[in-house]
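Notes for the one structure printed next.
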Amino acid sequence: MTYANDMPTVEKVARTDAGLAAELRLGVMRLRRRLASERHPDNELSLNQMGVLGVLARRGALAVGELASAENVQPPSMTRTVNCLEESGDVVKRPHESDRRQVVVELSEQGRDRVLADRARRDAWLAQRLRELTPDERAVLRQAAPILDRLAQKD
């Protein structure tokens, strides 16, 4: 039987690449869940739908296939998500300029407002938590942020 005080400490585990991977995975997943819980209370969209709106806010109008690739889902799944977002008024679909078989999706004004409100709420929560850290801890996170972003990028 293993007890909590028998478990290796973070300092011991993170000495190896595998240990660091385990600690980062745990920390990033916990932070993701916490940030997800800080959603705007009026936002009835799913996290997946908000992910699609976020991609469109960052990258601009995209074809459904490009959105599917960006979100790591199959095109038919993305088509269903886009249709729901169009019904809610968060996106607008239009034919592709050069390939009429494709559909281009862009944020509506309502969708942009929803993304901005959601981001503002989550950013405010995280900024408050960051203020609770020491200046040295915030400096480490400033250095780590672009590295974490690079790790998250697709191959």
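The values are calculated or read from the model by the stated rules, or taken from the named source; none is laboratory data. In this text the structure is predicted, and so the values were computed from the model without any measurement. Note that we place each Cβ from the backbone using ideal geometry, even for glycine, and neighbour counts take in every protein chain shown.
Here are a few things to note about the model shown:
- In the condition set (1) among the basic types (Lys, Arg); (2) exposed (fewer than 10 other Cβ atoms within 10 Å of the Cβ); (3) within 21 Å of Glu71 (Cβ to Cβ), Arg114 is compliant with all but (2).
- Restricting attention to the stretch 93-143, the residues that are aliphatic (A, V, I, L, M) and either under 16 Å from Arg58 (Cα atoms) or in contact with a His (Cβ under 6 Å, 6 or more places away or on another chain) (or both) total 7.
- In the stretch 6-33, the residues that are within 29 Å of Arg122 (Cα to Cα) form Cβ pairs under 8 Å with partners that are at pLDDT 90 or above and charged (D, E, K, R), at six or more places apart or across chains, as follows: Val10/Glu23; Ala14/Glu23.
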